[in-house]
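The values are calculated or read from the model by the stated rules, or taken from the named source; none is laboratory data. Only a predicted model underlies this, so the values are computations on that prediction, with no experimental measurement involved. Here Cβ is always computed from backbone atoms with ideal geometry, including for glycine, and neighbour counts include all displayed protein chains. Just so you know, the surface numbers come from the protein's heavy atoms only, side chains and all, with ligands and any DNA or RNA stripped out. Shrake-Rupley method; radii C 1.70, N 1.55, O 1.52, S 1.80 Å.
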Amino acid sequence: MAEPAFLFVCLGNICRSPLAEAAFRAAARAAGVAAFADSAGTGGWHAGEAPDRRSIAVAAKHGIDIRGLRARQVARSDFARFDHILALDSQNLADLRRIAPAGSRARLRLLLDVVPGWEGRAVDDPYYGGPEGFDRTWDEVRAAADRLVEELVQTR
Ligand code: 4NP
């Protein structure tokens, strides 16, 4: 069986979803689980850019270098390429539902729905706040990444 593919989607693909992608990739590697990870934005304004320097800093704090990631806009073809698409907030989820091709195979969920007790919660956009907002983002995406990897381990 091919390794399962996970796509993390926020608005700009420079703050939240690169951290979700990185946290998931690290958790999968630590658990010895094969999985493909990528991220994208519902908007295309930052396409081609590296992550926000505050996201780079928080990832570095946790030993992960995300400087090489580049933003891209989500595409309808992603619904065929990915097994799982995780939206960081409910607006991202609504936008993804709107562009999802009929009968797409990807399982589309709100990211924090995978964390028991955090169902329905958003990973709020830290873009306009201070650096502490990025620590909170990390804690949230890290918890979700661990749960997603647990799901993979259980179905292995
Ligand atoms: P992200 O944060 O969706 O977590 O990447 C944002 C970054 C930039 C903008 C919006 C959200 N922006 O509008 O420029």
Averaged per residue, what accessible area in Å² does the chain show with a 1.4 Å probe, protein chains only? 49
May I ask which residue of 47, 64, 145 lies farthest towards the positive end of the charge dipole of the stretch 5-154, with charges of +1 (Lys, Arg) and -1 (Asp, Glu) on Cβ and the Cα centre as origin? 47
Name the residues whose placed amide hydrogens come within less than 5 Å of the amide hydrogen of residue 14, ignoring near sequence neighbours (fewer than 5 apart) on the same chain. none
Which value, in Å² and to the nearest 10, is the accessible area of residue 155 when all protein chains are kept and the probe is 1.4 Å? 110
Each label point is 7 Å from the Cα along the Cα-to-Cβ direction; what then is the distance between the points at residue 105 and residue 124, in nm? 3.9
Assuming R0 = 22 Å, what is the FRET efficiency of residue 29 and residue 136, from their Cβ-Cβ distance, to the nearest 0.05? 0.40
Within 10 Å, at most 13 other Cβ atoms, and a DSSP state outside H, G, I, E, B define an exposed site. Report the longest part of the chain free of exposed chymotrypsin sites (Phe, Trp or Tyr not before Pro). 46-127
For a quick check of your reading of the filter: which GluC sites (Glu not before Pro) in the stretch 26-133 sit in a DSSP loop and have no more than 11 other Cβ atoms within 10 Å? 119
How would the stretch 86-156 be classified by its alpha-carbon gyration tensor: rounded, prolate or oblate, with rounded meaning a/c under 1.5 and the a/b versus b/c comparison settling the rest? oblate
Rounded, prolate or oblate: which fits the stretch 5-154, taking a ≥ b ≥ c as square roots of the Cα gyration tensor eigenvalues, rounded meaning a/c under 1.5, else prolate when a/b beats b/c? rounded
